[in-house]
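K.L.:
One structure is given below, represented as C-alpha cells, and several questions about it will come after.
The values are calculated or read from the model by the stated rules, or taken from the named source; none is laboratory data. Note that the structure is a prediction, hence the values are computed from the model and not measured. With ideal geometry, Cβ positions are generated from the backbone for all residues, glycine too; neighbour counts draw on all protein chains shown.
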Amino acid sequence: MKKLAAATFVFATIALTATARADFSDGVIKIGVLNDASGLYADLAGKGSLAAAQMAVDEVGGKIGKTPIELVYADHQNKPDIGSGIARQWFDSDHVDAIVDVPTSSVALAVSQVVKEKNKVFLANGPGTSDLTGKACSPNTVHWAYDTFALGNVTGKAEVEAGGKTWFFLTADYAFGQALERDTTKVVVAAGGKILGGVKHPLNTSDFSSFLLQAQASGAQVVGLANAGGDTINSIKAAHEFGLTKSGQKLAGLLVFLTDIHSLGLETAQGLLLSESFYWDRDAKTRAWSKKFAEKNGGKMPTMVQAGVYASVVHYLKALKELKSDADGKAVVDEMKKLPTDDVLFGKGSIRADGRKIHSFYLYEVKKPAESKGEWDLYKLVKEVPGDQAFRPLSEGGCSMVSAAK
Amino acid sequence: MLAVPVQALFGQLLIGLINGSFYALLSLGLAIIFGLLNVINFCHGALYMLGAFVAWFLLDKAGLGYWPALLLAPIIVGAFGILIERLFLRRLVGLDPLYGLLLTFGIVLFLQGLFSNWFGSSGMPYEMPKQLQGGQALPFMFLPNYRVWVVGVSAVVCLGVWAVIERTRLGSRLRAATENAPLVGAFGIDVPRLVTITYALGVALAALAGVLAAPIYRVSPLMGADLIVVVFAVVVIGGMGSILGSIVTGFGLGVLEGLTKVFYPEASNTVIFAVMAVVLLVRPAGLFGRQA
C-alpha cells in the first residue's frame, strides 16, 4: 500500500510538472523588445522601452506561477529586412513568445507578417500606421499606444476648428508618413478644410528649408508635419527660422513626442498643438510611475511609446495568467481582447476585434518658456478626446477579421 | 511639374547655395587631409558633431555663447585632432590608406556611441545668437540672417584656406612634403609637424562647420552621420584631394540638391550619388582631379 501511495505521488508529481511545462512553451515566458537603439527613434523608444517592459515584469515578481519571465532586446536599425530577420531568429531558435514596441511602420508591418506566420504575439507601440489594424490587420497583433488615424483625427480636427482651413503637408516618404497624411487628409476634408499640396521628403533629412519654402509659397494656413523624430525636430526648427509662423501660417505637429519638444526647447516649440495618448504629468498615478521610470532611464521622462510598452506588457502577462499558456499566440491575443484593460498609465480600456487598443487621446499645447516649472514641464492640456471618438470606427478600417465576423 | 514659378526657383537656388556651403566647408577639410596626408578621414562627420557639442557644452556648462564658441570649438576639436594624429594615425604612415579608413571609422563608432549613450538621439537645443535672428523679406522669399552669415563665413574660410595652401610659404612646404617627404625633410623642414598641423587644420574646419550648424540643425550625436556620406560623395566628385574641386563641387551639388527638392523631392538624397556614379564612369579621378 505504501508503495502504491509512493508511486501515485511520484506519478502525480511527474504529471504536474509535465503540465506545468506544457503550459508555457520551453519553460520560460520570453518577451523580445525590438526597436531603434541608436537611430532617430532611439529616444522615443530605445532602451527606455526596455526599462518600461522590465518594470511591467518586475511588477508580477518576474514570473507567472513558477515560470520565469525573460526579456531580450535588439536593434532593428529601422530596416524592415533586419527587423523581420531578428523576429524569425527569435521565434525559431531563441524561444521568444512575444515581440513588443517596433517603431518605424515599415518594419512593424514586416514583423507583423512574421508574427502571424509563426502564431506568436505582437504588441505594437512604436509604429504609427493605422494599417496594422486596417487592411494589414492580424489576429496576432495588438496596436496599443497610438496610430496615425487618432493623431490626424485629434490634431487635424482641432486645427480646422481653430480656423485652419487650407493645408500643406510635409510627409516622410515611407509607410508611416503616407498613412499619417492619408488619415489626416480625410479628417481635414470631412471637417470642411482643403488640401493645397504637399511634399514627400526622404526619411532622415537634415535640411528642410527647401520644403518649407514650398510650403510658404503654397499660402496654406496650416503646414501639417506628417513625419516623426529628428525629421519633425528639424522641420520645426527651420519653420521657426524661416519665419513661417510669423507670416501667419501655423504648424501642426501630427506626431510629436515629449523627447522631441525637450530637444527643441520651449522657445522654438511654444504654442504648438499636438496630440498624445500619454503625458507623464497627467495625474498622481502617472507622475509616480514616470518618476520611477526616469530613475531607470537617465532622468528622461517616458514618451507615450514607452508608456504603451509598459501597459501592453502588463496586459499581456495578465492574459497569460488567465490562460496559463503562451503556446498559441492567437489564443493569447483573443484572451487579451476578452479581458478589460486597466493600468496606471492609460486607465480602463479595451481591445477591439481588429486589435486596436481603445483609450482616451489628449490634445496638448506646448507651454511658453515662462509657464514651465522644470526641464520636463512642457505641455498644457487643451482637451481630452474619449477613445471611441479618437480612433477610427471599427467598420471603416477594412480589416478582414471584422468583416468576417459580420 | 514645370509649373514652379521663377520666384520660387530663385529661393531654392539660394537655399541650395547655403547647404552647399556646409558641404564645401566639410569636404574642404577632407580634401586637405586626403591630399596632403593620404588619409581617408572617415571620422570627419563625427568631428563635425563634436564641434557642435563643444559649442553646446561651452554654453551650458561655462556660459560661453555662440561667438566665443565659434573660435574655441575649432581650437578644442583641433587639439583633439592632434591627439588622434599623434597617437594613432602616425603609426599608419606608409600603409595602405584603407588602414586609415578603418581606424577613423572605428573612431566614428566610438564617438557616436559615446554621445548617443550620454545624450540620446534627439539632441540638445541650441539658441541662435540674438544678433543673427530675424531675416530679410526678399521679393521671392524670407531669408534668415543666419543663413546669410553661414554662406559668408564659409565662403571667406574656403577662400582663405585655398589661398594659404596655394599662395603662402607654409602652403608650398605642405605641398612639397606631399610630393616627396624625405627630400623636404632633408632641407631641414619638420615634416611630421607639418602633417600634424594639416590634420588639425582639417579637423578644425569640421568643428567650425559643426558650430555653424548648431543653431539650425539639432545638436545630436547623429548629425555627422547624416552628412558625412554626402560629403564623401562631394569629395569623390570633385576629385580626391583637390581643394578647389571640393569647394566648387560642394556649392554646386548643394544647388543641384536644392533643385531636386523642388522637382522631385523623393530623390533629393539620391541625386548626389547618381551624379557620383556618372562622374566616376566618365572621369574616374573626379571633375578636378589629376588623371593618373
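K.L.:
Can you confirm whether segment A:93-100 contains a residue that is away from chain B (no Cβ under 14 Å) and under 30 Å from A:HIS262 (Cα atoms)?
P.N.:
The answer is yes, given that some residue of segment A:93-100 is away from chain B (no Cβ under 14 Å) and under 30 Å from A:HIS262 (Cα atoms).
K.L.:
Considering (1) surrounded by fewer than 22 Cβ atoms within 10 Å (Cβ to Cβ); (2) more than 12 Å from B:ARG218 (Cα to Cα); (3) at the interface with another protein chain (Cβ under 7 Å from one of its Cβ atoms), say which one A:GLN221 fails and leave the rest.
P.N.:
In the conditions (1) surrounded by fewer than 22 Cβ atoms within 10 Å (Cβ to Cβ); (2) more than 12 Å from B:ARG218 (Cα to Cα); (3) at the interface with another protein chain (Cβ under 7 Å from one of its Cβ atoms), A:GLN221 misses (3) alone.
K.L.:
Sticking with this structure for a sec: What number goes with the only condition from (1) over 20 Å from the mean Cα position of the chain (by Cα); (2) crowded, with 20+ Cβ neighbours inside 10 Å that A:TRP280 does not pass?
P.N.:
Unmet for A:TRP280, out of (1) over 20 Å from the mean Cα position of the chain (by Cα); (2) crowded, with 20+ Cβ neighbours inside 10 Å: (1).
K.L.:
Here's another thing I want to ask about it. Is it fair to say B:GLY63 is buried (at least 20 other Cβ atoms within 10 Å of the Cβ), away from chain A (no Cβ under 14 Å) and not hydroxyl-bearing (Ser, Thr, Tyr)?
P.N.:
Spelling it out, it is not the case that B:GLY63 is buried (at least 20 other Cβ atoms within 10 Å of the Cβ), away from chain A (no Cβ under 14 Å) and not hydroxyl-bearing (Ser, Thr, Tyr).
K.L.:
Starting from residues that are more than 10 Å from every other protein chain (Cβ to nearest Cβ) and over 30 Å from A:VAL344 (Cβ atoms), keep the ones in segment A:237-269 and report whichever is farthest from the chain's Cα centre (by Cα).
P.N.:
A:GLY248
K.L.:
Among the candidates B:VAL229, B:VAL271, B:VAL255, which residue alone is within 14 Å of chain A (Cβ to nearest Cβ) and under 30 Å from B:LEU59 (Cα atoms)?
P.N.:
It is B:VAL229.
K.L.:
State all residues of segment A:33-77 that are crowded, with 24+ Cβ neighbours inside 10 Å, touching a Ser or Thr at 6+ places or on another chain (Cβ under 8 Å) and among the polar types (S, T, N, Q); if no residue qualifies, say none.
P.N.:
Within segment A:33-77, A:ASN35 is the sole residue that qualifies.
K.L.:
Further question on the same structure: Any idea which of B:GLY123, B:GLY81 is in contact with a strand residue (DSSP E or B) (Cβ under 9 Å, 6 or more places away or on another chain), in contact (Cβ under 8 Å) with a residue 40 or more places away in the chain and under 19 Å from B:ALA209 (Cβ atoms)?
P.N.:
Every option except B:GLY123 fails the conditions.
K.L.:
Residue by residue through segment B:3-32, note down the ones that are farther than 17 Å from B:GLY254 by Cβ and under 11 Å from the mean Cα position of the chain (by Cα).
P.N.:
B:ILE32
K.L.:
If A:GLU365 satisfies every condition in (1) exposed (fewer than 13 other Cβ atoms within 10 Å of the Cβ); (2) modelled with pLDDT under 95; (3) in a strand (DSSP E or B) but one, which is the exception?
P.N.:
Here A:GLU365 clears every test but (1).
K.L.:
Right, here's the next one. Within the group A:VAL107, A:VAL142, which residue is of a type in the set (Val, Ile, Thr) and outside any strand (DSSP E or B)?
P.N.:
Working: A:VAL142 fails: outside any strand (DSSP E or B).
Only one candidate passes the filter, namely A:VAL107.
K.L.:
Related question: Those residues that are free of Cβ contacts under 8 Å to residues at least 60 places away in the same chain, more than 12 Å from the chain's Cα centre (by Cα) and in a loop (DSSP other than H, G, I, E, B), I need them from segment A:126-139; list them, please.
P.N.:
Answer for segment A:126-139, where residues must be free of Cβ contacts under 8 Å to residues at least 60 places away in the same chain, more than 12 Å from the chain's Cα centre (by Cα) and in a loop (DSSP other than H, G, I, E, B): just A:ALA136.
K.L.:
Moving on. With the requirement that a residue be over 22 Å from the mean Cα position of the chain (by Cα) and of a type in the set (S, T, N, Q), what does segment B:163-221 give you?
P.N.:
B:THR168, B:SER172, B:ASN180
K.L.:
Please give the helices (runs of 4 or more DSSP H) falling wholly within segment B:1-97 in which 3 or more residues are basic (Lys, Arg).
P.N.:
On the way: elements: B:6-37, B:44-62, B:66-87.
No helices (runs of 4 or more DSSP H) qualify here.
K.L.:
If you check A:LEU123 against the conditions, is it in a strand (DSSP E or B), within 17 Å of the chain's Cα centre (by Cα), surrounded by 24 or more Cβ atoms within 10 Å (Cβ to Cβ) and among the aliphatic types (A, V, I, L, M)? I'd like the intermediate steps shown before the answer.
P.N.:
Numbers: in a strand (DSSP E or B): yes; within 17 Å of the chain's Cα centre (by Cα): yes; surrounded by 24 or more Cβ atoms within 10 Å (Cβ to Cβ): yes; among the aliphatic types (A, V, I, L, M): yes.
Here the answer is yes, as A:LEU123 does meet what is asked.
K.L.:
Any residue that is within 14 Å of chain A (Cβ to nearest Cβ), surrounded by 14 or more Cβ atoms within 10 Å (Cβ to Cβ), part of a loop (DSSP other than H, G, I, E, B) and in contact with a helix residue (DSSP H, G or I) (Cβ under 6 Å, 6 or more places away or on another chain) - is there at least one of those in segment B:102-110?
P.N.:
no
K.L.:
Any idea which of (1) closer than 20 Å to B:PHE251 by Cα; (2) of a type in the set (D, E, K, R); (3) more than 14 Å from chain A (Cβ to nearest Cβ) is the one B:ARG147 doesn't satisfy?
P.N.:
So the condition that B:ARG147 fails would be (3).
K.L.:
When the residues of segment A:163-186 are narrowed to those that are free of Cβ contacts under 8 Å to residues at least 40 places away in the same chain and more than 14 Å from chain B (Cβ to nearest Cβ), which ends up surrounded by the most Cβ atoms within 10 Å (Cβ to Cβ)?
P.N.:
Applying the filter and picking the extreme gives A:THR185.
K.L.:
Quick check on segment A:207-217. Is at least one of its residues over 15 Å from B:GLY11 (Cα atoms), in contact (Cβ under 8 Å) with a residue 12 or more places away in the chain and either under 29 Å from the mean Cα position of the chain (by Cα) or more than 12 Å from every other protein chain (Cβ to nearest Cβ) (or both)?
P.N.:
no
K.L.:
Among the residues of segment B:70-91, are any aliphatic (A, V, I, L, M), crowded, with 21+ Cβ neighbours inside 10 Å, under 17 Å from the mean Cα position of the chain (by Cα) and within 14 Å of chain A (Cβ to nearest Cβ)?
P.N.:
no
K.L.:
Determine, yes or no, whether A:VAL189 is more than 10 Å from chain B (Cβ to nearest Cβ) and crowded, with 22+ Cβ neighbours inside 10 Å.
P.N.:
no
K.L.:
May I pose another question? Looking only at segment B:42-60, decide whether some residue is under 17 Å from B:ILE237 (Cα atoms) and either out of contact with any Cys (no Cβ under 8 Å at 6 or more places or on another chain) or modelled with pLDDT under 90 (or both). Working first, answer last.
P.N.:
Here is the first cut: in segment B:42-60, the ones under 17 Å from B:ILE237 (Cα atoms) are B:42.
From what's left, either out of contact with any Cys (no Cβ under 8 Å at 6 or more places or on another chain) or modelled with pLDDT under 90 (or both): B:42.
For segment B:42-60, residues under 17 Å from B:ILE237 (Cα atoms) and either out of contact with any Cys (no Cβ under 8 Å at 6 or more places or on another chain) or modelled with pLDDT under 90 (or both): present.
K.L.:
Another question, if that's okay. Counting only residues that are of a type in the set (Gly, Ala, Ser) and at the interface with chain A (Cβ under 7 Å from one of its Cβ atoms), which one in segment B:111-144 is surrounded by the most Cβ atoms within 10 Å (Cβ to Cβ)?
P.N.:
The qualifying residue surrounded by the most Cβ atoms within 10 Å (Cβ to Cβ) is B:GLY123.
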